[in-house]
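Taking it in order: structure first as structure tokens, then the write-up.
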Amino acid sequence: MSDSLSVAWADAWIRGAQAVLAEHRMELIDLDRAIGDGDHGENMDRGFKAVVAKLDEGGIADVQGVLKIVASTLMSKVGGAAGPLYGTAFLRAAKAVEGDVDANGVADLIAGALDGIVSRGKATTGEKTMVDAWTPALEAARAAAASGATAAEALRAAATAAAEGAEATIPLQATKGRASYLGERSIGHKDPGATSTAYILNAAADAAEAL
């Protein structure tokens, strides 16, 4: 297991994310039907399939190149809120890293993604959005990096925190996005964007651990 992650990891990450999003497509659709417009699972599945088709064309030199392809493809292929939010997240993540990614680079990548989501969606923690998964993921990655963890260990810490953050959206009342129209009826449902975030970061950790 390497202390830093290269383009091979980034490629494996996104392919793994595509597979897990396809596997959980109906779950994400059902979550979004409860508090949104029901298209999150379909959009994420379609978007990441398009990303993998781009990766199959080859010629990507580094982690940054993979992240840029994810960003541009999601922005052009995914409707609803997810396309602009995830597209901006991956674009800012690409700008935050250079070369191979160590544990501090993992934290920088997640920080870039979170910054993109916040700048695009204007959400903060506690509003029942994907920010509730990305924020604890960043905190966990930074803590892991500070303690001398490897990049893979930092990713696993981030993924675990993101999953916990997604679960923690269940009792929240949505105050941002389409779900906010439901008011108290949004309580008791897990946020679909936080859920897909947890799956994507888990795929990143799985890919790092498999190297």
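Every read-out reported here was derived from the displayed coordinates using simple, explicitly stated rules and does not represent laboratory data. Predicted, not measured: the structure shown is a model, and the values here were computed from it. Using ideal geometry, Cβ is built from the backbone for each residue, glycine included, and neighbour counts are taken over all protein chains shown.
Taking neighbour Cβ counts within 10 Å as the exposure measure, how do Tyr199, Tyr86, Tyr181 sort from fewest upward?
In order of increasing Cβ crowding within 10 Å: Tyr181, Tyr199, Tyr86.
Please identify the trypsin sites (Lys or Arg not before Pro) of segment 1-100 that satisfy two criteria: DSSP loop assignment and at most 16 other Cβ atoms within 10 Å. Which are they?
none
Using the Kirkwood radius over C-alpha pairs as Rh, can you work out the diffusion coefficient of segment 7-209 via Stokes-Einstein at 10 °C, viscosity 1.306 mPa s, in µm² per second?
97 µm²/s
Let's see if you can work this out: charge +1 on each Lys and Arg Cβ, -1 on each Asp and Glu Cβ, no other charges. What is the dipole magnitude of the chain about its Cα centre, in debye to the nearest 20?
For the chain, the charge dipole is close to 680 debye.
Starting from segment 112-211, pick out the trypsin sites (Lys or Arg not before Pro) whose DSSP state is loop and whose Cβ has at most 13 other Cβ atoms within 10 Å.
Filter output for segment 112-211: Lys122.
Sticking with the crude label model, points 7 Å out along Cα→Cβ, report the distance from Asp3 to Glu98 in nm, one decimal please.
Simple spin-label model gives 2.0 nm for this pair.
Glu23 versus Lys122, label points 7 Å from Cα toward the beta carbon: distance in nm?
About 3.8 nm separates the two model spin labels.
In what order do Val63, Val97 fall by count of nearby beta-carbon atoms within 10 Å, going from fewest to most?
Listing Val63, Val97 from fewest to most nearby Cβ atoms yields Val97, Val63.
Where in the chain lies the longest segment free of GluC sites (Glu not before Pro) that are both loop residues by DSSP (not H, G, I, E, B) and have at most 12 other Cβ atoms within 10 Å?
Looking at the chain, 99-211 is the longest stretch - no exposed GluC sites (Glu not before Pro) with at most 12 other Cβ atoms within 10 Å.
Kindly put His40, His189, His24 in sequence by how many other C-beta atoms sit within 10 Å of each C-beta, fewest to most.
In increasing order of surrounding Cβ atoms, one gets His24, His189, His40.
Could you give the distance between the Cα centres of segment 63-129 and segment 162-209, to the whole Å?
16 Å
For helix 82-96, what angle does its Cα long axis make with the longest principal axis of the chain, in degrees from 0 to 90 and rounded to 10?
30 degrees
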